[in-house]
1. Over the chain, with every protein chain in place, what whole percent of the accessible area is carbon and sulfur at 1.4 Å, could you tell me?
2. In square nanometres and to one decimal, what's the mean projected area of the convex hull around the Cα atoms of segment 8-159?
3. Name the trypsin sites (Lys or Arg not before Pro) in segment 147-250 that are in a loop by DSSP and that have at most 13 other C-beta atoms within 10 Å, would you?
4. Filter the trypsin sites (Lys or Arg not before Pro) in segment 28-131 down to the DSSP loop ones having no more than 13 other Cβ atoms within 10 Å, then list what survives.
5. May I have the extent of the alpha carbons of segment 155-207 along their three principal axes, as whole Å values ordered from largest to smallest?
6. Show me the chymotrypsin sites (Phe, Trp or Tyr not before Pro) within segment 165-219 that DSSP assigns to loop and that have at most 12 other Cβ atoms within 10 Å of their Cβ.
7. Longest span of the chain, sites excluded, free of GluC sites (Glu not before Pro) in DSSP loop with at most 10 other C-beta atoms within 10 Å?
8. Roughly how far apart, in whole Å, are the Cα centres of segment 58-97 and segment 135-162?
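The values are calculated or read from the model by the stated rules, or taken from the named source; none is laboratory data. Owing to the predicted nature of the structure, the values given are computational and were not obtained by experimental measurement. Methodologically, a virtual Cβ is constructed for each residue, glycine included, from the backbone with ideal geometry; neighbour enumeration extends over all protein chains shown. These accessible areas exclude ligands, DNA and RNA; they are computed on the full protein's heavy atoms, side chains included. Shrake-Rupley method; radii C 1.70, N 1.55, O 1.52, S 1.80 Å.
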Amino acid sequence: MFEITPTTRLRRSPFFNATVKEGVKGFLPYNQMLMPTGYGDPEGEYWRLINDVALWDVAVERQVEVCGRDAGKLAQILSPRDLSKCVVNQGKYVALCNHHGTIINDPILLKLADDRFWFSIADSNILFWARAIAAERGLSVEIREPDVSPLAIQGPKADAVIAGIFGDWILDLKYFWFRETQIEGIPLMLARSGWSKQGGFELYLMDGSRGEQLWNIVREAGQPYNIGPGNPNMCERIESGLISWGSDTDDETNPFEIRLGNYVDLDVDDDVIGIKKLRQIKKQGVKRHQLGLVLEGDQPMPVHSTWYDIYADGSKVGSMTNGVWSYRLKRNIGYALIATEIKVGQMVEVCKDGQMLPAKLCALPFC
Ligand code: THG
């Protein structure tokens, strides 16, 4: 086989050494960092997330910090979602769009103070984007990537683990809300969030030199609950209908096509990037929509690394953008980004490596 050439271009997470000790088996590049992709037991790691609790190194979800007099103004200009009622210590899921209404990232926005925000970003360069927009609009802000690295604790027993470490106040934390705290002097932002529908928290580590220590604290507290290492789980997230920007989206995808229309407020000010185009798209109606796909057959198929064409009556009608063996449904499932004329319940064919695979369209989420 081959190895990854050592390079400063792929930065290491503060939890890197901890994940190596846990026996991490693979990485992928994300925001110019290495993100762990598994520990050698995909099915065990999946069921641990569904039944118990899992610990994920998600330091690759970098923060783009915007602070200064015009920070709130810039956050709103970048976000086609009304932030006027967002209060300090509240987070919001936002679909950042460009001037064409194309989604360019789907971060969680954390409001730390009236003049300080973090965009907790997916895999595209929002630091450059935010700086360019701020400069063009003459705004008084400072924009940087702070030393902040999230560690996710996900699964039905995450509440018990986190309450055991930090106290019962965490049980009152609302979805996407967060609070600054510390453990053994390690500075943290503790949020109820995470890229699964099994519930959980994210600890935003604010001192990169203390990653291994934090990992070990959580690992130890989680022992009675069968905690173990894992990573953002492709199977669970597809079953749950979550979006993976850049793999479910292409260079023309708008939020309405991929079920994020609820996070777009069309009556925000005209200076919000993309809003005029989004109003137009909403009025005209979308040409594509995102549906679930269930393939025929009960044998797991390899995970894909490319989109597959979808055919109906011999013509191409869309793409299968991802696919995975569902441990709960015992079927290969995935998402279709497909012409709006094609509806739930309809049969189509997915062209995979020259083979036509029959599949049925269904509503999302699967589970
Ligand atoms: N955690 C943090 N930052 C992140 C992610 C994360 N940045 C990148 C990426 N993940 C952002 N993407 C998502 C996508 C969906 C959700 C969270 C992050 C999510 N969505 C729910 C849903 O769609 O059903 C709920 C949305 C809502 O109710 O507002 O949770 O994981 N720190």
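1. Percent of accessible area from carbon and sulfur atoms in the chain: 49.
2. 10.5 nm²
3. Numbers: sites: Lys157, Lys174, Arg179, Arg192, Lys197, Arg210, Arg219, Arg237; in loops: Lys157, Lys174, Arg192, Lys197.
Here the sparse-neighbourhood loop sites are Lys174.
4. Arg69, Lys85
5. 30, 20, 16
6. Answer by residue number: Tyr175.
7. Working: sites that count: Glu3, Glu184, Glu341.
My reading of the result: 4-183 is the longest stretch.
8. 10 Å
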